[in-house]
1. Give me the percent relative contact order of region 74-199, please, defined on Cα pairs under 8 angstrom at least 6 residues apart.
2. Can you compute the FRET efficiency between Ala203 and Glu157 using 1/(1 + (r/R0)^6), with r the Cβ-Cβ distance and R0 = 25 Å? Round to the nearest 0.05.
3. Once the Cα gyration tensor of region 65-105 is found, what semi-axes does its equivalent ellipsoid get, as square roots of 5 times the eigenvalues, in whole Å, sorted largest first?
4. Tell me, what is the per residue accessible area of region 84-151 in Å², probe radius 1.4 Å?
5. Leaving ligands, DNA and RNA out of it, rank Glu171, Glu105, Glu157 by accessible area with a 1.4 Å probe, largest first.
6. With a 1.4 Å probe and all protein chains in place, put Trp156, Trp92, Trp101 in order of accessible area, largest first.
7. Can you spot the lysines whose alpha carbon is less than 30 Å from Lys103's alpha carbon? Ignore those fewer than 8 places along the same chain.
8. If I model a spin label as a point 7 Å beyond the Cα along the Cα-Cβ vector, how far apart are those points for Ile237 and Asn210 in nm?
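The values are calculated or read from the model by the stated rules, or taken from the named source; none is laboratory data. Being a predicted model, the structure only gives us computed values, none of them experimental. When we count neighbours, we look across all protein chains shown, and the Cβ atoms used for this are built from the backbone with ideal geometry, even at glycine. Accessible surface areas use protein heavy atoms only, side chains included; no ligands, DNA or RNA. Shrake-Rupley method; radii C 1.70, N 1.55, O 1.52, S 1.80 Å.
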Amino acid sequence: MPRINIFLKVVVLSLFCFKSFAQNDSIARISDTIQSDSLTSTLILSNFENTNDTISSVIITNIYNPQRDPKRLLYNTGMYAGVAVASFGLLWIAPVSISKWDKQEIQEEGLLKKWKENVKEGPVFDEDEFFMNYVVHPWAGGVYYMSARGSGYKRWESFTYSFLMSTFFWEYGVEAFAEVPSIQDLVITPIVGSIIGEGFFIAKGKIIQNERRVLKSKFLGNTFLFVMDPFNEVLDIFGYKTTNKVVTYSSFVPMERNVFSGKQTWGLQVVVKF
């Protein structure tokens with residue numbers, strides 16, 4: 001009889017160990033699935049068999065994986081219209097060495113006539129300052145790109161948006177009232193700008209994962225976010241928050257108590273909403 005009792009205990013213990021292993025393996029596979037489905041979310045799992053007094057920790061970082069939102073992109077585009085008027089005004093009062101605009105000719109001929117002439121004449125190689133052509137315009141292209149990317153659009157869609165905005169909204173639109181469309185700007189703004197914009201998108205995800213901090217500073221973090229994606233940041237500030245594709249919820253739940261050691265086995269319950 002004692003041998004039978006020992007045998008039964010060994011069988012029960014083996015079944016319990018197998019069940020615990022299967023539970024932990026299932027949780028680990030859930031973790032792998034979450035990490036493979038979302039490039040911007042991180043789930044760190046630790047040991048789940050603990051005493052009654054100790055529970056392992058779980059760290060789920062913030063994510064940045066915007067959901068497609070045409071209304072948000074429409075708001076971005078509307079804000080561009082307002083900023084375009086302000087930008088035109090700033091360039092109008094800026095020195096000629098910066099804008100390269102013949103203000104006297106524009107005033108004499110009128111805006112509409114000047115726009116038609118400029119559109120018909122262009123595009124040409126402009127003589128703008130290096131900073132304007134190779135810093136401001138690529139940054140502007142990146143901001144155009146981020147408006148779409150931050151509204152949940154794909155890379156090629158965001159590039160298309162940057163191309164349309166930089167070409168037809170700015171070069172052949174607002175700026176053509178004052179100068180002939182520029183070959184450099186037509187090429188550099190959407191192409192280099194989109195490359196920079198994708199870098200902005202990756203960097204923004206990293207900063208958000210780091211609780212909007214750069215070098216442990218929220219001020220620096222928020223400053224970088226605004227420089228890289230000003231219009232989406234403004235929408236967030238005024239309550240139109242970015243909606244992410246993946247939302248992860250987690251909680252610890254008791255699984256089973258070990259009848260021999262008295263230890264409680266805990267598991268992590270994870271819900272991922274796509």
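1. Values: 152 pairs, mean separation 43.2, N = 126.
Relative CO of region 74-199 lands at 34 percent.
2. Working: r = 20 Å, r/R0 = 0.80.
Approximately 0.80, to the nearest 0.05.
3. On the way: eigenvalues 222, 19, 9 Å².
They are 33, 10, 7 Å, listed largest first.
4. Details: 3950 Å² over 68 residues.
About 58 Å² of surface per residue is accessible.
5. On the way: Glu171 5, Glu105 55, Glu157 35 Å².
So, going from the largest accessible area down, we get Glu105, Glu157, Glu171.
6. Values: Trp156 165, Trp92 70, Trp101 5 Å².
Final ranking, largest accessible area leading: Trp156, Trp92, Trp101.
7. Qualifying lysines at Cα under 30 Å: Lys113, Lys114, Lys116, Lys120.
8. 2.2
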